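The values are calculated or read from the model by the stated rules, or taken from the named source; none is laboratory data. This is a predicted model, so every value here is computed, not measured. With ideal geometry, Cβ positions are generated from the backbone for all residues, glycine too; neighbour counts draw on all protein chains shown.
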Amino acid sequence: MIDVQNITKRYGDRTAIERVSFSVTKGEVLAFLGPNGAGKTTTMRILTCFMPATEGTATVDGFDCFEQPTDVKRRIGYLPETPPVYQELTVMEYLTFVGRLKGMTGADLRRRLPLVIEQISLGDVRDRLIANLSRGYRQRVGLAQAVLHDPPVLILDEPTVGLDPKQIIEIRELIKSLAGSHTVILSTHILPEATAVCQRVVIINDGRIVAVDRPEHLSARLRRSEKLSLTVKAPPPYFADRLRGIPGIVNVTEPEHGGAYLVECALGRDVRDELARFVVTNGWDLLELKTISMSLEDVFLRLTQHEDGISERSDGSAEREARA
Amino acid sequence: MTPAQAIVAKELRSAYSSPIIYVVAAVFLLIFGILSYIAVVNAGVQAIRLMQIQGLAAKINLNDLVFRPTFYSTSIILLLSLPILTMRAFAEERKLRTFELLMTSPVGINEIVAGKFVAVLLTYTGMLALTGVVPVVLAMFNSFDWAPVFTGYLGLLLMGALFLSVGLFASAVTENQIIAAFLSFGILLSVWLLGAMGAILGDTPVANAISYLSFIEHYDRLVRGLVDTKDLVYFICGILFMLFLTHRVVESERWK
């Protein structure tokens with residue numbers, strides 16, 4: 001449905017995205033994950049024909065975003081970063097205007113408007129001026145605008161920003177219900193969101209794609225570089241340095257106020273037995289030893305903070321971030 | 001309703017919910033009223049003077065004494081007030097990011113530009129229509145030739161439309177409304193002064209070409225009651241040219 005090939009976008013001499021390629025099949029929900037300024041919005045703007053790529057091609061439903069923008073635009077519902085609302089209009093006036101812009105007829109509008117207002121629970125505010133709505137409501141109006149003409153492709157730039165937890169769940173449910181019949185690309189920096197609604201995640205950092213996979217695969221692939229949490233009763237001085245002496249252990253992070261040591265070991269090596277033996281034979285009291293599986297958060301931080309990607313170990317700085 | 005018509009409707013709806021249009025229209029009508037009042041009183045003074053000299057009730061020419069001076073002065077108010085009507089057009093869309101909605105909808109840029117132009121033109125036509133009170137009231141007390149009044153209004157409409165198209169262009173190049181207003185004011189005043197520039201160069205082909213570019217000469221002929229195709233062509237080409245430039249600027253936005 002969506003096919004992006006080697007897209008590069010430069011603003012002057014600053015490169016926003018570089019050789020980004022991915023494709024989305026019909027009915028799939030894809031999340032774009034990345035820190036602010038990673039190039040998520042730029043990619044979306046290219047897909048929605050808001051601006052052309054410097055190099056590379058993007059097609060939506062077989063139509064080229066540069067050559068046939070009108071055909072592409074007709075098939076896309078787009079929620080930009082800032083909801084594109086006119087404050088001086090009421091919600092109904094605004095949605096009617098957007099519907100007309102998208103080429104909907106009066107009959108289409110009469111059919112779709114009540115449906116969308118119901119779906120996104122805008123019934124209470126339908127006749128209020130958008131200027132008087134809260135951030136969350138404006139975001140929802142923006143979302144309503146994107147789905148109004150029932151486009152086969154939805155591109156949502158941070159759809160749940162500014163919503164309260166209950167609304168976030170509602171919107172996620174809505175997006176999930178759209179999956180299958182619609183192709184959805186959404187960007188987010190909230191990881192549970194990606195896990196909750198998406199079949200695939202594209203992690204993007206500094207304008208490059210660092211990983212594309214299903215959320216569960218991503219963390220599974222990383223779990224191999226084990227992290228262990230070790231608690232010892234009254235650890236002796238230089239305990240961390242002595243641990244580092246054990247073969248296979250890569251890094252040890254000392255707890256600041258007592259508690260668990262964070263032990264990291266090399267890829268694919270299980271050092272739990274050695275570690276336990278080491279502690280016990282030295283006569284210290286082992287209180288706890290457990291593996292820590294990486295959450296998507298860890299994966300994300302690891303991937304976006306280093307160039308080294310999935311297969312290599314990370315250093316301590318990511319670790320501290322990950323725990324924070 | 002086509003997308004372009006929807007844009008016209010939305011622009012009008014937005015314009016009338018903002019105080020700008022009411023302030024601009026009120027000031028415009030107030031000054032138009034003051035100008036025509038001064039012209040009428042002035043005409044009265046002259047009539048009395050003629051009566052004293054000739055000893056009989058003089059037939060005064062309202063076209064020369066009232067309408068022409070009023071129409072001339074109105075061009076200055078338009079120069080100051082029309083940029084205010086157009087400054088929001090694109091600048092605000094860009095500032096509030098609603099521009100992204102327009103540009104990602106299946107609407108051509110020409111439809112967007114045309115929609116916005118028609119909306120401000122309708123507003124301006126409404127303002128002009130309200131000034132019609134002055135000739136209607138004068139017609140109750142005196143008779144005058146309506147034809148030059150109509151051509152004067154045609155001149156006002158065409159010149160105003162040209163000002164609006166310049167204003168749209170200025171609004172498209174910036175996201176700051178004040179810059180947009182001041183820029184269109186600057187462009188219009190410069191083009192106006194081309195007329196004076198041509199005049200100091202004497203009667204050479206270059207000078208004539210320069211004065212041809214100024215709208216004031218063309219407006220002048222319409223106010224005097226002369227409808228010349230060359231003047232109509234000037235205004236229509238000018239408007240289309242400015243709208244074309246606006247289109248290019250809006251389109252170029254994508255390339256930044």
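Structure summary
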{"quantity": "Exclusive hit being closer than 25 Å to A:GLN87 by Cα, touching a residue at least 60 places away in the same chain (Cβ under 8 Å) and among the polar types (S, T, N, Q), set A:GLN119, A:GLN139, A:GLN145, A:GLN167", "calculated": "A:GLN145"}
{"quantity": "Selection from segment B:1-54 of residues that are touching a Ser or Thr at 6+ places or on another chain (Cβ under 7 Å) and more than 14 Å from chain A (Cβ to nearest Cβ)", "calculated": "B:VAL24, B:VAL27, B:PHE28, B:LEU29, B:PHE32, B:LEU35, B:SER36, B:ALA39"}
{"quantity": "A:VAL116 vs. criteria modelled with pLDDT of 90 or more and either within 30 Å of A:ARG10 (Cβ to Cβ) or under 22 Å from the mean Cα position of the chain (by Cα) (or both)", "calculated": "no"}
{"quantity": "Any hit, segment A:25-40, residues being within 12 Å of chain B (Cβ to nearest Cβ), farther than 20 Å from A:LYS102 by Cα and surrounded by 18 or more Cβ atoms within 10 Å (Cβ to Cβ)", "calculated": "no"}
{"quantity": "Filter pass, B:VAL120 being in a helix (DSSP H, G or I), in contact with a His (Cβ under 7 Å, 6 or more places away or on another chain) and farther than 21 Å from B:TYR37 by Cβ", "calculated": "no"}
{"quantity": "Filtered residue count, segment B:91-129, keeping only those that are more than 30 Å from B:PHE71 (Cα to Cα), more than 8 Å from chain A (Cβ to nearest Cβ) and of a type outside the set (Gly, Ala, Ser)", "calculated": "8"}
{"quantity": "Test set (1) surrounded by fewer than 17 Cβ atoms within 10 Å (Cβ to Cβ); (2) modelled with pLDDT of 95 or more - B:LEU243 fails condition number", "calculated": "(1)"}
{"quantity": "Test: residue in segment A:49-57 that is in the same structural domain as A:ASP164 (by TED's automatic domain parsing), buried (at least 16 other Cβ atoms within 10 Å of the Cβ), charged (D, E, K, R) and more than 24 Å from the chain's Cα centre (by Cα)", "calculated": "no"}
{"quantity": "Residue in segment A:195-204 that is modelled with pLDDT of 90 or more, surrounded by fewer than 22 Cβ atoms within 10 Å (Cβ to Cβ) and of a type in the set (A, V, I, L, M) present", "calculated": "no"}
{"quantity": "Any hit, segment B:145-159, residues being of a type outside the set (Asp, Glu), without any contact (Cβ under 8 Å) to a residue 40 or more places away in the chain and farther than 18 Å from B:ILE216 by Cβ", "calculated": "yes"}
{"quantity": "Enumeration of residues in segment B:202-212 that are of a type in the set (A, V, I, L, M) and either loosely packed, with under 15 Cβ neighbours inside 10 Å or under 13 Å from B:TYR234 (Cβ atoms) (or both)", "calculated": "B:VAL206, B:ALA209"}
{"quantity": "Check on A:GLU88, in contact (Cβ under 8 Å) with a residue 40 or more places away in the chain, touching a helix residue (DSSP H, G or I) at 6+ places or on another chain (Cβ under 9 Å), at positive phi and of a type outside the set (A, V, I, L, M, F, W, C)", "calculated": "no"}
{"quantity": "Flag if B:GLN54 is surrounded by fewer than 20 Cβ atoms within 10 Å (Cβ to Cβ) and over 25 Å from B:VAL149 (Cβ atoms)", "calculated": "yes"}
{"quantity": "Residue selected from segment A:102-112 under the condition over 30 Å from the mean Cα position of the chain (by Cα) and without any contact (Cβ under 8 Å) to a residue 40 or more places away in the chain, by the criterion farthest from the other protein chains (Cβ to nearest Cβ)", "calculated": "A:ARG111"}
{"quantity": "Subset tally (residues that are free of Cβ contacts under 8 Å to residues at least 40 places away in the same chain and either assigned to a loop (DSSP other than H, G, I, E, B) or within 14 Å of chain A (Cβ to nearest Cβ) (or both)) for segment B:55-90", "calculated": "5"}
{"quantity": "Residues located in segment A:153-170, provided they are touching a helix residue (DSSP H, G or I) at 6+ places or on another chain (Cβ under 7 Å) and either under 26 Å from A:GLY62 (Cα atoms) or of a type in the set (Val, Ile, Thr) (or both)", "calculated": "A:VAL153, A:LEU154, A:ILE155, A:LEU156, A:ASP157, A:PRO159, A:THR160, A:VAL161"}
{"quantity": "Residue match in segment A:24-38 (condition: free of Cβ contacts under 8 Å to residues at least 60 places away in the same chain, in the same structural domain as A:GLU158 (by TED's automatic domain parsing) and of a type in the set (S, T, N, Q))", "calculated": "no"}
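Yes/no matrix, rows are residues, columns are (1) under 22 Å from B:ARG88 (Cα atoms); (2) touching a helix residue (DSSP H, G or I) at 6+ places or on another chain (Cβ under 7 Å); (3) in a helix (DSSP H, G or I); (4) acidic (Asp, Glu):
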{"site": "B:SER184", "(1), (2), (3), (4)": "yes, yes, yes, no"}
{"site": "B:LEU189", "(1), (2), (3), (4)": "yes, yes, yes, no"}
{"site": "B:ASN208", "(1), (2), (3), (4)": "no, yes, yes, no"}
{"site": "B:SER211", "(1), (2), (3), (4)": "no, yes, yes, no"}
{"site": "B:TYR219", "(1), (2), (3), (4)": "no, yes, yes, no"}
{"site": "B:LYS230", "(1), (2), (3), (4)": "no, no, yes, no"}
{"site": "B:VAL233", "(1), (2), (3), (4)": "no, no, yes, no"}
{"site": "B:PHE241", "(1), (2), (3), (4)": "yes, no, yes, no"}
